[in-house]
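For reference, the structure discussed in these notes is given below.
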Amino acid sequence: MTTTETTATGKAVEVLRIDGLTLDLPAEHGAHRILHGIDLALRPGRIHGLAGESGSGKTMTGLAVLGLLPDGARTGGRIRLDGTDLLTLPPRQLGALRGRAVSMVFQDPSTSLHPMLSIGHQLTDHLRHHRKLDRKAARARAVELLGQVRIPNPAAALRSYPHQFSGGMRQRIAIAIALACDPQVLIADEPTTALDVTVQAGVLRLLRRLCDELGLAVLLITHDLGVMSALADSVSVMRRGRVVETGPRGQVLTAPRHEYTRTLLDALPGRNTP
Amino acid sequence: MSPRWAPSRRVSGGGRLLARHPLARFLLRRTAVAVLLAFGVTLVTFVLTNVVPGDPAAANLGQRAIGDPAVVDQFRKQHGLDQPLPAQYVTYLGHLFQGDLGESQQTHQPVLTDLATAVPATLELAGAAIAVSLVIGVALGVVAALRRDRLTDQLLRVVSLLGVSVPTFWLALLAFYVFFYQLGVAPGSGRLAPGMAPPPYVTGLHTIDAALAGQWPVFWSAAGHLVLPALVLTAYTVGLLTRFTRSAVLDVLGQDYVRAARAKGLPGRTVLLQYVLRAALVPVVTIAGLAFGALLSGTVLVESIFAWPGLGAYAYRSATTLDLPAVMGVGLVVGIVYLTVNLAVDVLYGVIDPRVRVQ
Ligand SMILES: Nc1ncnc2c1ncn2[C@@H]1O[C@H](COP(=O)(O)OP(=O)(O)OP(=O)(O)O)[C@@H](O)[C@H]1O
Ligand SMILES: [Mg+2]
């Protein structure tokens, strides 16, 4: 029914669709409901921003897509990737999609890259696993990827370790790792929050370019509405485990319908209440 | 104003190799430090041996000879004990470089000869024990971490607690009594069956020498004699390593890079072996170094109970008889073993963690 609706409205085909996602995490007494029915849709070549205060459930929504929720998590609703429900998929098949069809970039590249494994190792191990590439082919692909994310001297970079790069470069490497197997969907959880202000814009531009060139469907999680207005095509605003507002960027950020979005916007520096 | 044409510092072939290989440079630096420290060890053993109260002349001469000042003087002169201490140290170092550690007043053999059989005997015992402990301890620690708070974890917690708290000498006595006297499954004391000739000396480790010579009956006898004392020694280290590995693995499991590895869709086994274990080994290596030290002191008791002709037994005998050259030889060996273990730990750090190589 929902699919017919989208085709009727003439929008691009959705690759990922989240319907009524609920999440309960184990708490001291019984379970604690974290997500109360989330609806989201991602389209190829589009960046969908997910905003909201700390603790509103943005990260959990992203992790649910990858099936990487904390132990004891119970979910409800549907997360469909090209029609396949990820929530009911057996672990093995979900594992085969992870990193291949759906990838994730984490907040802090100084902790999300393994400090003791070379860039080459981390850039090729999943390639070799998913794509069954041999060492040489995986290496060639890795060099190509590092070029794509603008790492100078890719061949030397493969032999280096994360601590030899700056924060911005590390995040570019993490993005290259996420893109290695040509995923359809990229979940970027606060990809610039841990970075120097001076390099944030570069990483964001890179995301935009990759999204356009590769036709990626991007879920950009951020609580920075400035980032959102610069980059996202459409936006959802979350609060306490619910999506309170969804729509095209222009509409949500300039003419918010929900008062919570308005308070968020008012909190932005350099903006005064009209 | 430095002239522009000043020759740039030339890098030799070896220098270039080192410049390009941080690991090689790291290893070289650590080895150099270890050699320097080895000199410190000679000084410390020398000084310690000379400040202990007790007159070696009195200890090594019979009752009657002690009463005769001429004999005592003769003894002191013969052993250089009449010289000032710094002179004695220089003489000692000079002899040391020629491999001369003096003569044991107990065995009337060169100390070096005594050590050449005692040290390998202990190394065989301690080496077997630490190798087995590492395999078992790390495996149990990983299992405990993966089964956190479940029954397996609880059981392993009890087992490792027992391991670290049971006194080694008591365990050694119990094991000897049960497996030798009661069940008769363990071979008796010593390193080989009575009357069996040791294999030709290559390393001094009977198992390896026997295997090299193809003397399989000797090999099996040596290995059989090794099992019980080595297992007794592993109790403590297995307990220690299990507990530390468990907490190290749990710590690493919570790291972002492990979640990132899972997000890449890598199989659980790959994540565990390559991402988790690699990082968890850093603290485990530290503990393994300390555990080896504890294990060496444990050999003194275990060797005396199993009549194992090793360094512990030799040290005990020479200390109680104030056999100074022997005591100094033992001190030197123990110091060098500790230095080597520390060096090995440092080197392993460098191999495991590339961040350690730069400094
Ligand atoms: N492992 C966990 N076990 C139980 N509750 C958790 C766990 N991790 C997070 N939560 C709870 O889930 C809720 C949503 O957390 P989430 O990390 O998704 O928020 P967020 O929107 O990403 O916030 P932030 O902007 O701070 O990253 C929070 O209330 C948090 O306390
Ligand atoms: Mg978050």
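The values are calculated or read from the model by the stated rules, or taken from the named source; none is laboratory data. In this text, all values refer to a predicted model and were calculated from it rather than measured experimentally. Cβ coordinates were reconstructed from backbone atoms using ideal geometry, including for glycine residues, and neighbour counts include every protein chain displayed. Surface accessibility is based on the protein's heavy atoms, side chains included, excluding ligands, DNA and RNA. Shrake-Rupley method; radii C 1.70, N 1.55, O 1.52, S 1.80 Å.
Quick notes on this one:
- As computed over region B:105-178, the Cα convex hull volume per residue (Å³): 125
- Couplings 3J(HN,Hα) of region A:233-246, computed from phi: 8, 9, 9, 10, 10, 10, 8, 6, x, 10, 8, 8, 7, 9 Hz, in residue order, whole Hz [Karplus 6.51 cos²θ - 1.76 cosθ + 1.60, θ = phi - 60°; x for Gly and Pro].
- Gyration tensor (alpha-carbon) shape descriptor, region A:61-116, a/c threshold 1.5: prolate
- Most mobile of A:T193, A:T222, A:T59 in a GNM of chain A (Cα contacts under 10 Å): A:T193
- For q = 0.19 Å⁻¹, Debye-computed log10 I/I(0) when each Cα of region A:132-274 counts as one equal scatterer: -1.14
- The angle between the Cα long axis of helix A:167-179 and the longest principal axis of the Cα atoms of chain A comes to about 90 degrees, rounded to the nearest 10.
- Amide H contacts under 5 Å for B:T203: B:D209, restricted to partners 5 or more places along the chain or on a different chain, H placed in the peptide plane at 1.01 Å from N.
- Estimated distance in nm for a label pair at B:T113 and A:R159, the labels positioned 7 Å out from Cα along Cα-to-Cβ: 5.3
- Here chain B is treated as an ellipsoid with the same Cα gyration tensor; its semi-axes, largest first and in whole Å, are 42, 34, 19.
- Under-5 Å amide H pairs with B:W308, H placed in peptide plane, nonlocal only: B:G190
- A:M238 contributes an accessible area of around 0 Å² to the protein surface, as traced by a 1.4 Å probe with all chains present.
- Computed E for A:R135/B:L85 - FRET, C-beta separation, R0 56 angstrom, nearest 0.05: 0.35
- Complex-versus-alone comparison for region B:252-268, residues with a loss of 20 Å² or more in accessible area, probe 1.4 Å: B:D256, B:Y257, B:R259, B:A260, B:R262, B:A263, B:K264, B:G265, B:L266, B:P267
- Radius 10 Å from Cβ of B:A280, net charge of other residues (Lys, Arg +1; Asp, Glu -1): +1
- Amide H contacts under 5 Å for B:E103: B:V111, restricted to partners 5 or more places along the chain or on a different chain, H placed in the peptide plane at 1.01 Å from N.
- Surface listing: B:K77, A:K136 arranged by accessible area from highest to lowest gives A:K136, B:K77, probe 1.4 Å.
- Taking chain A and dividing mean pair separation by its residue count, relative contact order in percent (alpha carbons under 8 Å, at least six apart): 26
- DSSP-defined beta bridges in chain A - what % are antiparallel, rounded to 5: 55
- The label point for B:Y338 and the one for B:R150, both projected 7 Å from the Cα toward the Cβ, are 4.3 nm apart.
- The distance from the alpha carbon centre of region A:76-152 to that of region B:169-187 is 55 Å, rounded to a whole number.
- Residues losing 20 Å² or more accessible surface upon assembly, region A:100-117, compared with the chain by itself, 1.4 Å: A:F106, A:T111, A:S112, A:H114, A:P115, A:M116, A:L117
- Normalised by 2.2 N^0.38 Å, where N counts its residues, the alpha-carbon radius of gyration of the protein assembly as shown equals 1.33.
- Degrees, to the nearest 10: A:119-131 long Cα axis against longest axis of chain A: 80
- Debye log10 I(q)/I(0) at q = 0.14, 0.15, 0.19 Å⁻¹ for region B:278-359, Cα point scatterers: -0.60, -0.65, -0.84
- Sequence of B:R25, B:R246 when ordered by accessible area, the most exposed leading, probe 1.4 angstrom: B:R25, B:R246
- With all protein chains modelled, accessible area of B:F179 [1.4 Å, Å²]: 80
- Note on B:V143 and B:F97: the extension gain reaches 11.7 nm, defined as 0.36 nm multiplied by sequence separation minus the Cα-Cα distance.
- Mean projection area, nm², convex hull over Cα of region B:111-235: 9.6
- Net lengthening on full extension, A:S54/A:A96 (0.36 nm per residue, minus Cα-Cα): 12.0 nm
- Using a probe radius of 1.4 angstrom, the carbon and sulfur fraction of the accessible surface of region B:110-179 is 78%.
- Estimated vicinal HN-Hα couplings, Hz - region B:172-181 in sequence order (Karplus 6.51, -1.76, 1.60; Gly, Pro = x): 5, 4, 4, 4, 5, 5, 5, 7, 9, 6
- Comparing A:H121, A:H29, A:H48 in a Gaussian network model of chain A, where Cα atoms under 10 Å apart are tied by springs, the biggest mean-square fluctuation is seen for A:H29.
- Divided by 2.2 N^0.38 Å, where N counts the residues, the Cα radius of gyration of region A:41-194 comes to 1.07.
- Accessible surface calculations at 1.4 Å, restricted to protein heavy atoms, place chain A at 46 Å² per residue.
- Heavy atoms of chains A and B lose about 2000 Å² of accessible surface on contact, summed over both sides with a 1.4 Å probe.
- J(HN,Hα) series, region B:134-150, from Karplus relation 6.51 cos²θ - 1.76 cosθ + 1.60, nearest Hz, glycine and proline x: 5, 4, 5, x, 5, 4, 5, x, 5, 4, 4, 5, 5, 9, 2, 6, 8
- Mean-square fluctuations from a GNM of chain B, with a 10 angstrom spring cutoff on Cα atoms, peak among B:P110, B:P267, B:P200 at B:P267.
- With both labels modelled 7 Å from their Cα along Cα-to-Cβ, the A:R209 to B:W216 distance reads 6.8 nm.
- In this structure B:Y89 has an accessible area near 40 Å², from a 1.4 Å probe over the protein heavy atoms.
- Estimated purely from DSSP H runs of n ≥ 4, each contributing -39500 (n - 2.57), the mean residue ellipticity at 222 nm for the protein assembly as shown is -18500 deg cm²/dmol once divided by its residues.
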